[in-house]
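Undergrad: Submitted below is the structure of interest, expressed as structure tokens.
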Amino acid sequence: MPDPSSWLAETATATAAGGHVRTDDGGFSSALASPLAPHCSGLTPEQLLAAAFASCLHHAAVEAAGEITDEAHTVQVTAEATLGRDDDGRYRADVHAEISSAGLTRDQLAELVAYADRLWPFSSGDPSRHRLTVTPAENGRH
């Protein structure tokens with residue numbers, strides 16, 4: 001992992017509870033689908049993964065496009081996420097993303113895709129660039 005001083009200054013926090021997920025700054029709030037109440041409507045984990053990956057990769061692709069073209073505003077990312085179960089019951093995710101941008105040649109688009117894929121932490125070629133830590137909350141913390 002990089003030196004902590006090299007991390008970007010922004011940190012985001014989101015909380016999922018009671019059938020809703022929201023960012024602590026109020027920028028995003030949505031109902032969640034629940035395995036406890038399958039009749040309730042809301043976003044599924046697959047939808048949230050697809051949206052998160054599309055958003056992250058879009059950010060990287062716009063940055064990459066700025067190095068290739070002055071048409072960075074035309075970048076579009078579509079992500080498709082599916083969840084499966086391993087034999088031991090653990091979930092696994094399969095995410096496929098596509099990047100497009102109007103006015104680029106096939107070679108420019110390939111360069112954009114490769115550059116964006118290298119930038120974001122969940123690169124298709126390097127599974128070691130992210131860290132996930134799951135711990136119990138302190139008592140009384142909600």
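Undergrad: Looking at residue 134 and the list (1) surrounded by fewer than 17 Cβ atoms within 10 Å (Cβ to Cβ); (2) of a type in the set (A, V, I, L, M, F, W, C); (3) under 13 Å from the mean Cα position of the chain (by Cα), which single condition is not satisfied?
TA: Among (1) surrounded by fewer than 17 Cβ atoms within 10 Å (Cβ to Cβ); (2) of a type in the set (A, V, I, L, M, F, W, C); (3) under 13 Å from the mean Cα position of the chain (by Cα), residue 134 violates only (3).
Undergrad: So, one more: For residue 103, all conditions in the list (1) assigned to a loop (DSSP other than H, G, I, E, B); (2) open to solvent by less than 100 Å² (accessible area, probe 1.4 Å); (3) farther than 20 Å from residue 67 by Cβ hold save one; what is the number of the exception?
TA: Against the list (1) assigned to a loop (DSSP other than H, G, I, E, B); (2) open to solvent by less than 100 Å² (accessible area, probe 1.4 Å); (3) farther than 20 Å from residue 67 by Cβ, residue 103 comes up short only on (3).
Undergrad: Please go through segment 65-81 and give me each residue that is free of Cβ contacts under 8 Å to residues at least 12 places away in the same chain and closer than 12 Å to residue 115 by Cβ, ordered by number. Can you show your working first?
TA: Let us first name the residues in segment 65-81 that are free of Cβ contacts under 8 Å to residues at least 12 places away in the same chain, namely 66, 70, 73.
Answer for segment 65-81, where residues must be free of Cβ contacts under 8 Å to residues at least 12 places away in the same chain and closer than 12 Å to residue 115 by Cβ: just 66.
Undergrad: Scanning for something open to solvent by less than 40 Å² (accessible area, probe 1.4 Å) and in contact with a helix residue (DSSP H, G or I) (Cβ under 6 Å, 6 or more places away or on another chain), does segment 35-56 turn up at least one residue?
TA: No, the conditions are met nowhere in segment 35-56.
Undergrad: Go through segment 16-34 and count every residue that is open to solvent by 50 Å² or more (accessible area, probe 1.4 Å) and more than 25 Å from residue 85 (Cβ to Cβ). It would help to see each step written out before you state the result.
TA: The first filter runs over segment 16-34 and keeps only residues open to solvent by 50 Å² or more (accessible area, probe 1.4 Å), leaving 16-18, 20, 22, 24-29.
Pick out the ones that are also more than 25 Å from residue 85 (Cβ to Cβ) and you get 18, 20, 22, 24-29.
Qualifying residue count for the region: 9.
Undergrad: Limited to segment 71-100, what total is found for residues that are in a strand (DSSP E or B), closer than 17 Å to residue 53 by Cβ and of a type outside the set (Phe, Trp, Tyr)? Don't jump to the end; show me each part of the working.
TA: Step one: of segment 71-100, the residues in a strand (DSSP E or B) are 76-85, 91-100.
When the remaining residues are screened for being closer than 17 Å to residue 53 by Cβ, the result is 76-84, 91-100.
Pick out the ones that are also of a type outside the set (Phe, Trp, Tyr) and you get 76-84, 92-100.
Counting residues in segment 71-100 that are in a strand (DSSP E or B), closer than 17 Å to residue 53 by Cβ and of a type outside the set (Phe, Trp, Tyr) gives 18.
Undergrad: Then there's this: Within segment 82-91, identify whether any single residue is of a type in the set (A, V, I, L, M, F, W, C), at negative phi and free of Cβ contacts under 8 Å to residues at least 24 places away in the same chain, and answer yes or no.
TA: From segment 82-91, those of a type in the set (A, V, I, L, M, F, W, C) are 83; that's our starting set.
Now drop any that are not at negative phi, which leaves 83.
Okay, now just the ones that are also free of Cβ contacts under 8 Å to residues at least 24 places away in the same chain, so none.
Looking through segment 82-91, none of the residues is of a type in the set (A, V, I, L, M, F, W, C), at negative phi and free of Cβ contacts under 8 Å to residues at least 24 places away in the same chain.
Undergrad: Next question, about the same structure. Any residue in segment 99-123 that's in contact (Cβ under 8 Å) with a residue 24 or more places away in the chain and at positive phi: show its pairings with residues that are of a type in the set (Ser, Thr, Tyr) and open to solvent by 60 Å² or more (accessible area, probe 1.4 Å) at Cβ separation under 7 Å, as long as the two are six or more apart or on different chains.
TA: none
Undergrad: Okay, moving on. Within segment 1-10, can one find any residue that is under 23 Å from residue 95 (Cβ atoms) and at pLDDT 90 or above?
TA: Checking segment 1-10: not a single residue is under 23 Å from residue 95 (Cβ atoms) and at pLDDT 90 or above.
Undergrad: In the list 93, 114, 102, which residue meets the criterion of being closer than 17 Å to residue 45 by Cα and either out of contact with any His (no Cβ under 6 Å at 6 or more places or on another chain) or not aromatic (Phe, Trp, Tyr) (or both)? It would help to see each step written out before you state the result.
TA: Working: 114 fails: closer than 17 Å to residue 45 by Cα; 102 fails: closer than 17 Å to residue 45 by Cα.
Matching residue, one of 93, 114, 102: 93.
Undergrad: Within segment 71-92, does at least one residue satisfy the condition of being open to solvent by 60 Å² or more (accessible area, probe 1.4 Å), closer than 20 Å to residue 14 by Cβ and in contact with a strand residue (DSSP E or B) (Cβ under 8 Å, 6 or more places away or on another chain)? Spell out how you get there, then give the answer.
TA: Filtering segment 71-92 down to residues open to solvent by 60 Å² or more (accessible area, probe 1.4 Å) leaves 71, 73, 76, 78, 80, 82, 85, 87-88, 90-92.
Those left that are additionally closer than 20 Å to residue 14 by Cβ: 91.
Then keep just the ones that are in contact with a strand residue (DSSP E or B) (Cβ under 8 Å, 6 or more places away or on another chain); that gives 91.
Yes, that holds for at least one residue.
The values are calculated or read from the model by the stated rules, or taken from the named source; none is laboratory data. This one's a predicted model, so the numbers in the text were calculated from it and none came from an experiment. We place every Cβ from the backbone using ideal geometry, glycine too, and count neighbours over all the protein chains shown. Ligands, DNA and RNA are excluded from the accessible area calculation, which covers all protein heavy atoms including side chains. Shrake-Rupley method; radii C 1.70, N 1.55, O 1.52, S 1.80 Å.
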